[in-house]
Amino acid sequence: MTPDADLLVIGGGPIGMAVAIEGRLAGMSVIVVEPRATPVDKACGEGLMPGAVAALARLGVDPAGHTLTGIRYLRGAQRADHLFTTALGRGVRRTVLHAALAQRAQELGAEVVPGRAGAVEQYGSSVWCAGIRGRWLLACDGLHSTVRRQVDLSVHRRAPGRRFGVRRHFRVAPWSDLVEVHWGRSVEAYVTPVADDVVGVALLGPAHHDYDRTLQSFAALRHHLGDAQPLEPARGAGPLYQQSRQRTAGRVRLVGDASGYVDALTGEGVRVGLAQAHAAVATLGEDVRRSNAAYEKAWTAATRDYRMLTRGLLVAAGSPLRRGIVPLAATAPGLYGAVVERLAR
């Protein structure tokens, strides 16, 4: 049967929309399946590294937000700052980012239909899911990907020390142009300016911690927020750690969080996801086995720094070394800056 589209994209979040844009820029027909209305929100830190801003610009996307000049680590009275050396980042509310990507995808002619992934059936020259047939299926359906389970690419292993993220926005003028990471006993607070009068505060840590009570434990952050009221109820996501056996299964490819996720500690999820979106489309070809091998190789290269550095930091954060992370960053600014720049590019 003739496919309905060259690319069937399951999941229309930011990375799904980036895949749709990549596909249209490559001259392919695209159908995106997404059950939620635009814009789609998600609990996240909302800080775009300089590399993510550049990757969005290549797609023709320039979301409004607040300029970010670097990263600051804090623990009590200790702090370590690193200013980006080559370009600026940007704090962008997830809803603003998604709306900008969705608009660009629509401008380029990508079709978005309401629906959810169900069974996945593969044929010689096409793949079927959600009542639609595509030449390729690109799964961008997030941490708990239905498609990943359907094609048996999930790793069924409970991660030690499972972590979750919870985020709120507060109506208050940013007191800094840096992303601040406040290190607590077992939770990190990510503070990201996203507008001239709004900051987002995402708490990352173990399950079942109370957002308001945990926020009170960060004295410096509490001082800056003052009596600012949250703009919405807390929004959560997790568990954050997810694995996949590989990223391809026939004509199905996993992209973004669906392909695996370590943790949000280094704040570069969007940049890595955009790189995967580009690779997933750029490596498509008539020879399925060869093009899948090319995507696996490109995926590994695009995520290597993120996986290695984040896992290392995550191990340290869950050990007695946790108390030394900020002092080390402060006393070894060259090392701290090199890590930030490596992730920011």
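In summary, residue 39 fulfils each of the numbered conditions (1) within 30 Å of residue 286 (Cβ to Cβ); (2) in contact with a His (Cβ under 7 Å, 6 or more places away or on another chain) with the single exception of condition (1). When you look at residue 75, is it touching a Pro at 6+ places or on another chain (Cβ under 8 Å), surrounded by 17 or more Cβ atoms within 10 Å (Cβ to Cβ), touching a residue at least 24 places away in the same chain (Cβ under 8 Å) and closer than 25 Å to residue 279 by Cβ, yes or no? No: the conditions fail for residue 75. Give me the residue from region 95-128 that is closer than 26 Å to residue 285 by Cβ, of a type outside the set (Gly, Ala, Ser) and touching a helix residue (DSSP H, G or I) at 6+ places or on another chain (Cβ under 7 Å) and, out of that set, least open to solvent (accessible area, probe 1.4 Å). So, considering only residues that are closer than 26 Å to residue 285 by Cβ, of a type outside the set (Gly, Ala, Ser) and touching a helix residue (DSSP H, G or I) at 6+ places or on another chain (Cβ under 7 Å), the one least open to solvent (accessible area, probe 1.4 Å) is 101. On inspection, residue 235 qualifies as open to solvent by 40 Å² or more (accessible area, probe 1.4 Å), under 28 Å from residue 69 (Cβ atoms) and modelled with pLDDT under 95. Within region 240-260, the residues that satisfy the criterion of being within 30 Å of residue 188 (Cβ to Cβ) and outside any loop (DSSP other than H, G, I, E, B) are 242, 244, 254, 256, 257, 258, 259.
Here residue 6 does not fit the description of being in contact with a Ser or Thr (Cβ under 9 Å, 6 or more places away or on another chain), among the acidic types (Asp, Glu) and under 13 Å from residue 97 (Cα atoms). Working only within region 124-145, note down all residues that are more than 14 Å from residue 247 (Cα to Cα) and of a type outside the set (Gly, Ala, Ser). 127, 128, 129, 132, 133, 135, 144, listed by residue number. Only residues that are open to solvent by 10 Å² or more (accessible area, probe 1.4 Å) and touching a residue at least 12 places away in the same chain (Cβ under 8 Å): list them for region 14-33, please. 14, 15, 22, 24, 25, 26, 28, 29, 31 - these are the residues of region 14-33 that are open to solvent by 10 Å² or more (accessible area, probe 1.4 Å) and touching a residue at least 12 places away in the same chain (Cβ under 8 Å). Examine region 33-46 for a residue that is in a strand (DSSP E or B) and over 18 Å from the mean Cα position of the chain (by Cα), and state whether such a residue exists. Yes - at least one qualifying residue is present in region 33-46. The set of residues in region 286-320 being over 29 Å from residue 336 (Cβ atoms), open to solvent by 30 Å² or more (accessible area, probe 1.4 Å) and not aliphatic (A, V, I, L, M) consists of 286, 287, 289, 290, 296, 297. Of the residues examined, residue 208 is one that is over 30 Å from residue 82 (Cα atoms), out of contact with any Leu (no Cβ under 6 Å at 6 or more places or on another chain) and free of Cβ contacts under 8 Å to residues at least 12 places away in the same chain. Counting only strands (runs of 3 or more DSSP E) that fall entirely inside region 148-209 and contain at least 2 residues that are open to solvent by less than 60 Å² (accessible area, probe 1.4 Å), hydroxyl-bearing (Ser, Thr, Tyr) and more than 30 Å from residue 120 (Cβ to Cβ), the qualifying elements are 188-195. Residue pairs whose Cβ atoms lie under 9 Å apart, sitting 6 or more positions apart in sequence or on different chains, and linking a residue in region 102-116 that is over 13 Å from residue 39 (Cα atoms) to a partner that is assigned to a helix (DSSP H, G or I) and hydroxyl-bearing (Ser, Thr, Tyr), are 116/146.
Looking only at region 82-94, residues that are open to solvent by 60 Å² or more (accessible area, probe 1.4 Å) and within 17 Å of residue 66 (Cβ to Cβ) come to 3 in all.
The values are calculated or read from the model by the stated rules, or taken from the named source; none is laboratory data. Owing to the predicted nature of the structure, the values given are computational and were not obtained by experimental measurement. Glycine also receives a Cβ, built like all others from the backbone with ideal geometry; neighbour counts cover every protein chain displayed. To get the accessible areas, we keep the full protein, side chains included, count just its heavy atoms, and leave off ligands, DNA and RNA. Shrake-Rupley method; radii C 1.70, N 1.55, O 1.52, S 1.80 Å.
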